[in-house]
Amino acid sequence: MTESEQEIEGQVRYPQAPDAGAAGDPQPWGEKTRVVGSRQPRVDAFERVSGSAIFPSDVMLPGMLHAAVLTSPHANARVKSVDTSKAEKLSGVYAVISRNTEDANPDWDYGSDYPGKLFYDHCRFEGDFVAAVAADSSYRAHDALRAIEVEYETLPFVSDELAALESGAPEVHDGGNEAGHQSYSRGNIEQGFAAADVVLEETYRSASEMQTPLEPHGCVARWEADRLTVWESTQGVFAVQSKIAETLNMPLARVRVIGHYVGGAFGSKLRTDKYAIAAAMLSRRSNRPVKLFMTREQTLVSMGNRPPTTMTIKAGAKKDGTLTAIQFKGIGASGAYKAGGTSLLDWLAKDLYQCDNVSTELTDVYINAQPARPFRAPGYVQCSWAMEQMMDALAEQLDMDPVALRLLNIPDGTQARGNKPYTTDGLRLCIEQGAKAFGWDQAKAAPRGNGHLQRGVGMAAANWFVGDGGPPSTVILRLYADGTANLNMGASDIGTGTKTVMAMVVAEEFGMEPDAVQIEHADTATTQFATPSGGSKTVPTEAPAVRRACLAAKDRLMDMAARQLGRERDEIIFAGDRLRTADGLESLAIPELDELKKQKVVVGVGERQPNRQDVSITPFAAQFCEVEVNRRTGEIRLLRMLGTNESGRVINRLTWDGQVIGGITMGVGYATTEQRVLDGPTGKLCNRNWHDYKLPTALDVPAEIISEPIMLSDEQANIVGAKGLGEPVTIPTGGAIANAVYAATGIRMRDTPINPVTLIDPLASQEG
């Protein structure tokens, strides 16, 4: 695995021991379960819909101040001077910090190669921090920002990754604009092309996409003597704790981070940013709690993106459809600092389909724009856009059905990781069952349409290189004398229903209802360590640890029952919410255990065990789409979409379907509406609000989105049989839409997004 791929993976999980596989694993659940697999409402549904859930942006503390940040308005500039004297004199202003306040300007780096400061003299992208203010109202804080006088030396900039590689382009950093180069190969690519009967080569372009979660990035910070408490909108409270403690040179035990609710993240909140340090500095100087949340414009300008990419694919196949060679070249933009501009960009090209001869080359590029951040299936979404269109193009040249071509080239295992066998045949099942449920053969054979309205269908497939989960994770279960339970875990619920899934695991083991389980989570002072929720790893990481905690508690209950009934321990069986003897003559409900009545509580501790290292635990997906294109206007109506996903056992069918529908909706935005626009003359972001940055609405997504889970339990994955779902559901959407548009129009749209603006000219040219 390359360095940049390790960087992304390391944000969501930690290295595993080589001796993977735990001895004495419990038996998997059977096909019939009481709670697991059902449709369960969220355990915090009332709090969410009533508005009583306290998100970090809702936190209000006595004496709290409101902070605002002054950011650089230039794509590339040096800060020559900062004068905050007028701002400091304004009524209601309690603290102003900038590069002039040495005790409030700690070291900050965008990686080990880029030492700098919280307020650095060289702002290499629009949106980098210049100063911050805390006042008794948000209005006064922003008034104070306007009173700060800054002198900039504007510098030449480059905002396009291809232009950045040209000779004479402005250098973002000394030494050139290439941020990294990676290559991979297997077999003999030239021999592979020589053996092909059909060879195609195309270049595809993927525009930058921004996460723009509903709740902006930010936090509330409060000092109490030498201890700091932070309420942050984050995917991982322990990752934030670590970054803050490191930056402020504090012991971890003196930094507490709380993040019970998160108003959206999609990868952009896997770690904290400068705002948390600025809030802490302002709080310490003012001796008041400080709330600092970025404005919507600031989140769009500086809080991350899916990198723009240019991808060239050359692929060869024999007449029977066997792939003989795949050559992939990708260029992606990290932004002003190295941030994974090409991370995972080639994985589908080298691992989705069986091919003996593969060559990939990736070039990561600096540009004067915000650094990229992981965004729901980083790299995979872009590669799928290119790879899945190329598969359809090959199918057309070979006069094959696109489904048949893909099924012909299903691999037995991951070729890029030493040919480790997949634990399930999920890719084949997703394609076959998806095509049947969609009615692929009938839809493909149906007339395309008459006149200016024409219809077409398309499909795409995907896998995801993580989603298997892994250690470390520790949870504590407390079972009370009345048969209810408390579950203590450090993982964040980022809106995916994590708390509900974990409550269902407990309910399944103890024969109770999910609402009988109290959840404590995402607080570094009171809950157990967990890695950030991301990479589709939360359920397969936390659920096995939760089940082990349940089994540890059940073990103690069975000891109690054996003593109370005067039986040997091996005669006691746990059956739902009762403990009974193997002969069925005697039984006890959990609240009837005398020792439990006296002891009041039984505690079980569960830890996530390492994964097996001899197999590949991989989620799979396929999607099918039908569109209608208006040839007069270029408008595209998405009529229906169907997604099949093999992510192991379905724990909660309700949240499973929600993830599929949400992931497809996000993929619709990627393919048809979303595009970061940087101004050529200035390098500034043009569409910095929700009016100009076009997120898909209910009118843009199909009225019919069907989720068809592949009902498997992956017993080799972990003791609950579940794999990750969140990323795979958005990977193939763009390719499926593009292929459907081609089927309707005969026009291959190689650049995102596809919309009336981009489609009308090709349609007009086609009409001639």
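The values are calculated or read from the model by the stated rules, or taken from the named source; none is laboratory data. For clarity, every value in this text was computed on a predicted model and none was experimentally measured. Every residue, glycine among them, receives a Cβ derived from its backbone with ideal geometry; neighbour counts consider all protein chains shown.
When the test is whether a residue is touching a helix residue (DSSP H, G or I) at 6+ places or on another chain (Cβ under 8 Å) and of a type in the set (D, E), E646 passes it. Against the definition (of a type in the set (K, R), outside the structural domain of D523 (by TED's automatic domain parsing) and at pLDDT below 95), how does R271 come out, yes or no? So R271 passes the test.
Could you identify the single residue in G634, G658, G667 that is part of a loop (DSSP other than H, G, I, E, B) and modelled with pLDDT of 95 or more? Going through G634, G658, G667 in turn, just one is part of a loop (DSSP other than H, G, I, E, B) and modelled with pLDDT of 95 or more: G634.
Residues in the stretch 140-163 that are over 34 Å from the mean Cα position of the chain (by Cα) and farther than 30 Å from T310 by Cα: R140, D143, A144, R146, A147, I148, E149, V150, E151, Y152, E153. Taking the stretch 150-188 as the range and being more than 16 Å from K329 (Cα to Cα) and among the hydroxyl-bearing types (S, T, Y) as the test, the residues that pass are Y152, T154, S159, S167. Every condition in (1) surrounded by fewer than 19 Cβ atoms within 10 Å (Cβ to Cβ); (2) touching a strand residue (DSSP E or B) at 6+ places or on another chain (Cβ under 9 Å) holds for A404 except the one numbered (2).
Of all the residues in the stretch 350-404, those that are acidic (D, E), touching a residue at least 24 places away in the same chain (Cβ under 8 Å) and part of a helix (DSSP H, G or I) number 3. Residues in the stretch 618-657 that are in contact with a Gly (Cβ under 8 Å, 6 or more places away or on another chain), more than 18 Å from G724 (Cβ to Cβ) and buried (at least 24 other Cβ atoms within 10 Å of the Cβ): F624, C625, E626, V627, V629, L642. Applying the condition of being outside any strand (DSSP E or B) and among the polar types (S, T, N, Q) to the stretch 595-631 and asking which residue is nearest to the chain's Cα centre (by Cα) yields T618.
Each residue in the stretch 140-170 was checked for being in contact (Cβ under 8 Å) with a residue 12 or more places away in the chain and farther than 26 Å from D346 by Cβ, and 18 of them qualify. Evaluated against (1) under 30 Å from D356 (Cα atoms); (2) under 19 Å from the mean Cα position of the chain (by Cα), F193 falls short on exactly one condition, (2). The set of residues in the stretch 557-570 that are surrounded by fewer than 16 Cβ atoms within 10 Å (Cβ to Cβ) and over 46 Å from the mean Cα position of the chain (by Cα) comprises R563, G566, E568. Of all residues in the stretch 678-716, those being exposed (fewer than 14 other Cβ atoms within 10 Å of the Cβ) and of a type in the set (V, I, T) number 1. Per this entry, V501 is counted among residues that are closer than 30 Å to V668 by Cβ, touching a helix residue (DSSP H, G or I) at 6+ places or on another chain (Cβ under 9 Å) and modelled with pLDDT of 95 or more. For the stretch 492-502, taking the residues that are farther than 16 Å from P56 by Cα and not β-branched (V, I, T), the one that is surrounded by the fewest Cβ atoms within 10 Å (Cβ to Cβ) is identified as K499.
Going residue by residue through the stretch 457-471, is there one that turns out to be over 27 Å from P378 (Cα atoms), over 24 Å from the mean Cα position of the chain (by Cα) and small (G, A, S)?
The initial filter retains those residues of the stretch 457-471 that are over 27 Å from P378 (Cα atoms), namely none.
Checked the stretch 457-471: no residue is over 27 Å from P378 (Cα atoms), over 24 Å from the mean Cα position of the chain (by Cα) and small (G, A, S).
Between F55, F129, F119, the distinction of being over 26 Å from the mean Cα position of the chain (by Cα), among the hydrophobic types (A, V, I, L, M, F, W, C) and buried (at least 16 other Cβ atoms within 10 Å of the Cβ) belongs to F119 only. All of A764, A744 fail the test of being closer than 19 Å to N630 by Cα and in contact with a strand residue (DSSP E or B) (Cβ under 8 Å, 6 or more places away or on another chain), apart from A744. Once the stretch 219-253 is narrowed to residues that are more than 20 Å from S112 (Cβ to Cβ) and among the hydroxyl-bearing types (S, T, Y), the residue that is surrounded by the fewest Cβ atoms within 10 Å (Cβ to Cβ) is T229.
For L479, are the conditions met, namely being within 26 Å of Q716 (Cα to Cα) and at pLDDT 95 or above? No: the conditions fail for L479.
From the list R48, R39, pick out the single residue that is outside any loop (DSSP other than H, G, I, E, B), surrounded by fewer than 18 Cβ atoms within 10 Å (Cβ to Cβ) and modelled with pLDDT of 55 or more. Explain how you work it out, then say what you get.
Numbers: R39 fails: outside any loop (DSSP other than H, G, I, E, B).
The conditions single out R48.
Scanning the stretch 361-374 for residues that are touching a helix residue (DSSP H, G or I) at 6+ places or on another chain (Cβ under 8 Å) and closer than 19 Å to V466 by Cβ gives a single hit, P374.
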